[in-house]
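The values are calculated or read from the model by the stated rules, or taken from the named source; none is laboratory data. These numbers were taken from a predicted model, which means no experiment stands behind them. Heads up, the Cβs are rebuilt from the backbone with ideal geometry, glycines too, and the neighbour counts pull from every protein chain shown. The protein model used for the area step is the full one, side chains on, heavy atoms only, and it has no ligands, DNA or RNA in it. Shrake-Rupley method; radii C 1.70, N 1.55, O 1.52, S 1.80 Å.
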Amino acid sequence: MTPSAPVIAFRGVGLTYPGPPPVEALKPSELTIERGDFVTVVGPSGSGKSTFLNIAGLLDAPTAGTYLLDGIDTGVLKDSERTALRGRHIGFVFQSFHLMPHRSAQENVTLAMLYTGVPRAERARRAAEALRRVGLGHRMDALPSRMSGGERQRVAIARALVGHPSLLLCDEPTGNLDSRNADTLLRLLEGLHEDGMTVVVITHDADVADRGARTVTIRDGVLHDGPSRAVREQERA
Amino acid sequence: MRILLRLRPGLRLRRVLRLRPGLRLRPGLRLRRIRPAVPPTSFALNDLLSEALAGTLQRPGRSALTALGTVLGVGAFVAVLGLTATASSQIDSRFSLLTATEVTVKDIAREQNEFADPAFPDDAGERVERLGGVEHAGVHWPVREDTGQGLAVRTSAVARGQNDMIDVVATAPGALRAAVPHLVQGRLYDDFHADTRQRVVVLSSSIAARLGIATLEARPAVFIGDQPFTIIGIIDDVKRKPDMLLSVLVPHTTAEELWGSPTDAAEMLISTRVGAAVQIAEEVPIALRPDHPEYLKAVPPPDPKSLRSSVTSDLNELFLLLAAICLVIGAVGIANTTLVAVLERTGEIGLRRALGARSRHVALQFLTESGALGALGGLVGTSIGTVTVVVVAVARNWTPVIHTGTLATAPVVGLVTGLLAGLYPAVRAARIQPVEALRR
């Protein structure tokens, strides 16, 4: 990791699914997200948001261009190295939480450190700390089935935070929450951003998009810097 | 001087680049990007085991049902091997003390050479008894008239009827002792009677009753043919050669004097110390007939191992086949359930991959889960099989015997079954792409 390097640097990154017919899910794009940014990525469904998430989250490899994560060229990495990079540098938050139903909140959070060589006792300690950070210090032993949607998503955020990632990648984090819980959650994300965390939120919700310090719009597989309204005006001009 | 070449990765050089004399980049040289060092993620063994255990206990009811096939298979395996071991050890204990210390020697001289004399020398019993490990030894043969007919035995010199034919067996004192008779009255004849060719007999209580003899107080006599004999002992049981109970026994020397040398049906009965029988069976023909050891055939007791295997092999094969079928069914059950679990837990697999699990970690976890199920089934099956053996043995008043090898192998059989069953589901789990798994 190079401290000065941007967290995300897309250099002509594109993804084409081989056909027939070939589908250009993401057209070659340039994008730089600096450390400490709070970026929202918006776009209508089918615009390529998921493709962006998969590439940025190292879940899928681009077919064109170079993707540098923390200054590391991800294109030359072996699969196991991409997995390791993903596990150590990225914290994921999903719309459907993806919590393990039979494990307590604390156990769910410790899972994030299972593969990165953190000793067991240290995992429990850090998980407790992360749960306190998201305001769930009193719910550590609760099962996800006994928690509200807002609480579950906060467990998921604690799980994403606990490994000290350089990037928090949130995919529709408020999609399954009511507006009050969504607001609590976004405030939590803003708090994390103020603490210096790089946060990328992918959403189709304009209210959520407005909370970001910077907005990136995806339209028809092309990344544009700026909120969707501005992008549309730009296109008209 | 430093030259920084910025080229698109993967491009080939078309022309020779002369950087300085002697240092040049040749055409065709492929420039490679410097690979950053990213240490791979790991999955510690104790974490793997506790994750697998947690996965198994997630649905305890289903896990128990899944392990049932292995429980039955391994249980049957242990029960069959245990019961056959138990049964064969009963056979051993019932027969071993008598059969393992008994050697019989047959006179086969006539088969080798039709002009040969009877093979046993006169002092056969004494010679064999001098061998280490021999307790008692002596020859015996059925006595016949020269005409080949049996001898009449009666209590008076006058014939009473035709129904007085009783087998008369010339029996050396050593053979009598080797048969371990149980005396009810009087005494056995011994070497003194034999050496001095006394006219004495020993007979069983049933023959005594048939002859109308109740007590030896009156010194009763019997006539064999027309020769009078004193009855000196009545026996009611023998441990070896039970046909002695149906015969009148006379010292072999007396019989030889009266009715001639033994026929080719002469045999020798030897009782030995425990463990000596096989050795003695080898020595006897040479000790008795160093000139023609082939005239005598010594029959050692059957080898306990071959006895056991011949008794148990038929049972074993059938039931072990059944146990194997149970195991296959168990394996299919585990494979099926694990496969369902893989499909159910696709989201979990995707999450683990997102958190840094390599595909081999995922495969390893599912393999460990199925292996744990198999091993658990194996352990429970071993216990149930052991209990079965003990219950059956107690019910039959047997001593339960299970070989330690069986107990050690059985849980391993369960483990291997589970691992084999988990192979395909684990490969399927490893192939799941995180992108697809997380979309759900």
**Message:** Considering only residues that are more than 9 Å from chain B (Cβ to nearest Cβ) and either assigned to a helix (DSSP H, G or I) or in contact with a Pro (Cβ under 6 Å, 6 or more places away or on another chain) (or both), which ones fall in the range A:36-52?
**Reply:** A:Lys49, A:Thr51, A:Phe52
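Yes/no matrix, rows are residues, columns are (1) in contact with a helix residue (DSSP H, G or I) (Cβ under 9 Å, 6 or more places away or on another chain); (2) at pLDDT below 90; (3) of a type in the set (Asp, Glu):
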position: A:His102; (1), (2), (3): yes, yes, no
position: A:Met113; (1), (2), (3): yes, no, no
position: A:Thr116; (1), (2), (3): yes, yes, no
position: A:Glu122; (1), (2), (3): yes, no, yes
position: A:Ala127; (1), (2), (3): yes, no, no
position: A:Leu143; (1), (2), (3): yes, no, no
**Message:** Please verify whether A:Arg120 is more than 20 Å from B:Thr41 (Cβ to Cβ), of a type outside the set (A, V, I, L, M, F, W, C) and free of Cβ contacts under 8 Å to residues at least 60 places away in the same chain, treating the condition exactly as stated.
**Reply:** no
**Asked** What number of residues within the range A:64-87 are in contact with a strand residue (DSSP E or B) (Cβ under 7 Å, 6 or more places away or on another chain) and either open to solvent by less than 30 Å² (accessible area, probe 1.4 Å) or within 9 Å of another protein chain (Cβ to nearest Cβ) (or both)?
**Response** 7
**Message:** Looking at the range B:32-47, can you tell me whether even one residue there is under 36 Å from the mean Cα position of the chain (by Cα), open to solvent by less than 30 Å² (accessible area, probe 1.4 Å) and modelled with pLDDT of 75 or more?
**Reply:** no
**Request:** Kindly indicate the residue of the range B:212-221 that is more than 19 Å from B:Leu258 (Cα to Cα) and touching a residue at least 40 places away in the same chain (Cβ under 8 Å) and also surrounded by the fewest Cβ atoms within 10 Å (Cβ to Cβ) among those meeting that condition.
**Result:** B:Gly212
**Fill in**
Among strands (runs of 3 or more DSSP E) entirely within the range B:163-211, at least 3 residues that are buried (at least 21 other Cβ atoms within 10 Å of the Cβ) occur in B:167-171, B:200-204
**Prompt:** Across the range B:34-64, which residue is farthest from the other protein chains (Cβ to nearest Cβ) among those that are of a type in the set (A, V, I, L, M, F, W, C) and without any contact (Cβ under 8 Å) to a residue 12 or more places away in the chain?
**Reply:** B:Ala64
**Asked** Can you name every residue in the range B:99-132 that is among the hydrophobic types (A, V, I, L, M, F, W, C) and in contact with a Leu (Cβ under 9 Å, 6 or more places away or on another chain)?
**Response** B:Val103, B:Val105, B:Ile108, B:Ala109, B:Ala119, B:Phe120, B:Ala124, B:Val128
**Complete:** Among (1) farther than 26 Å from B:Val71 by Cβ; (2) out of contact with any Pro (no Cβ under 7 Å at 6 or more places or on another chain); (3) not acidic (Asp, Glu), B:Arg353 falls short only on (2)
**Per-region count, the range B:222-237, residues more than 49 Å from the chain's Cα centre (by Cα), open to solvent by 40 Å² or more (accessible area, probe 1.4 Å) and not hydroxyl-bearing (Ser, Thr, Tyr)** = 4
**Message:** Condition first: at positive phi and either of a type in the set (Ser, Thr, Tyr) or more than 9 Å from every other protein chain (Cβ to nearest Cβ) (or both). Now tell me which residues in the range A:88-143 satisfy that.
**Reply:** A:Phe97, A:Gly135
**Message:** Looking at the range A:107-141 only, could you name the residues that are surrounded by 21 or more Cβ atoms within 10 Å (Cβ to Cβ) and farther than 29 Å from A:Glu81 by Cβ?
**Reply:** A:Leu131, A:Val134, A:Leu136
**Fill in**
Note on B:Leu318: of the conditions (1) open to solvent by 30 Å² or more (accessible area, probe 1.4 Å); (2) at pLDDT 85 or above; (3) farther than 23 Å from B:Glu126 by Cα, unmet is (2)
**Request:** Quick one: which residue in A:Gln95, A:Gln153 is outside any strand (DSSP E or B), surrounded by fewer than 23 Cβ atoms within 10 Å (Cβ to Cβ), touching a residue at least 60 places away in the same chain (Cβ under 8 Å) and in contact with a Pro (Cβ under 8 Å, 6 or more places away or on another chain)?
**Result:** A:Gln95
